[in-house]
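The values are calculated or read from the model by the stated rules, or taken from the named source; none is laboratory data. Just so you know, these numbers come straight off a predicted model, no measurement behind them. Cβ coordinates were reconstructed from backbone atoms using ideal geometry, including for glycine residues, and neighbour counts include every protein chain displayed. Side chains are part of the model used for accessible areas, which takes the heavy atoms of the whole protein and leaves out ligands, DNA and RNA. Shrake-Rupley method; radii C 1.70, N 1.55, O 1.52, S 1.80 Å.
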Amino acid sequence: MTKLMEWLLGLSLIGVLWSIVTFDLLDLRISDQYLQVAWPLPIYLLVAFGCYSLAVVGYRVATFNDCETAAKELQEQIQEAKRDLQKKGLHF
């Protein structure tokens, strides 16, 4: 099962459970206090997911590793390409 299918399955289950609780489809006799919490639950989950995503992106940016050897190798390849193109008559 791919990650997309796992996420879609999870979101579908949450959506079905939310619909059952919110619209009282199974006649569960849920009190009004729980219904007041259940109505905005998708918005709360969306905000929580957004906060989590921002935290993960911020952490990954803060702990990003520099690749000194790869940068040096790339600069050497660029210089080599420039010399090769100058030999062929291209002027920079």
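For Arg60, which of the numbered conditions (1) open to solvent by less than 60 Å² (accessible area, probe 1.4 Å); (2) at pLDDT 90 or above fails to hold?
So Arg60 meets the others, but not (1).
Please go through the stretch 67-92 and give me each residue that is among the small types (Gly, Ala, Ser) and in a loop (DSSP other than H, G, I, E, B), ordered by number.
Correct list: Gly89 only.
Mind counting the residues in the stretch 21-45 that are surrounded by fewer than 10 Cβ atoms within 10 Å (Cβ to Cβ) and in a helix (DSSP H, G or I)?
Of the residues in that region, 4 qualify.
Cβ contacts < 7 Å: first residue of a type in the set (Lys, Arg), restricted to the stretch 64-84; second residue loosely packed, with under 10 Cβ neighbours inside 10 Å, any location; separation 6+ or different chain. Result?
Filtered contacts from the stretch 64-84: Lys82/Phe92.
Which of (1) under 25 Å from the mean Cα position of the chain (by Cα); (2) in a helix (DSSP H, G or I); (3) of a type in the set (Phe, Trp, Tyr) is the odd one out, the single condition Phe64 does not satisfy?
(2)
Take the residues of the stretch 1-47 that are charged (D, E, K, R) and within 22 Å of the chain's Cα centre (by Cα): which is modelled with the highest pLDDT?
Among residues in the stretch 1-47 that are charged (D, E, K, R) and within 22 Å of the chain's Cα centre (by Cα), the one modelled with the highest pLDDT is Glu6.
Within the stretch 1-14, can you find the residues that are without any contact (Cβ under 8 Å) to a residue 12 or more places away in the chain, in a helix (DSSP H, G or I) and either of a type in the set (A, V, I, L, M, F, W, C) or surrounded by 10 or more Cβ atoms within 10 Å (Cβ to Cβ) (or both)?
Listed by number, the residues that qualify are Leu4, Met5, Glu6, Trp7, Leu8, Leu9, Gly10, Leu11, Ser12, Leu13.
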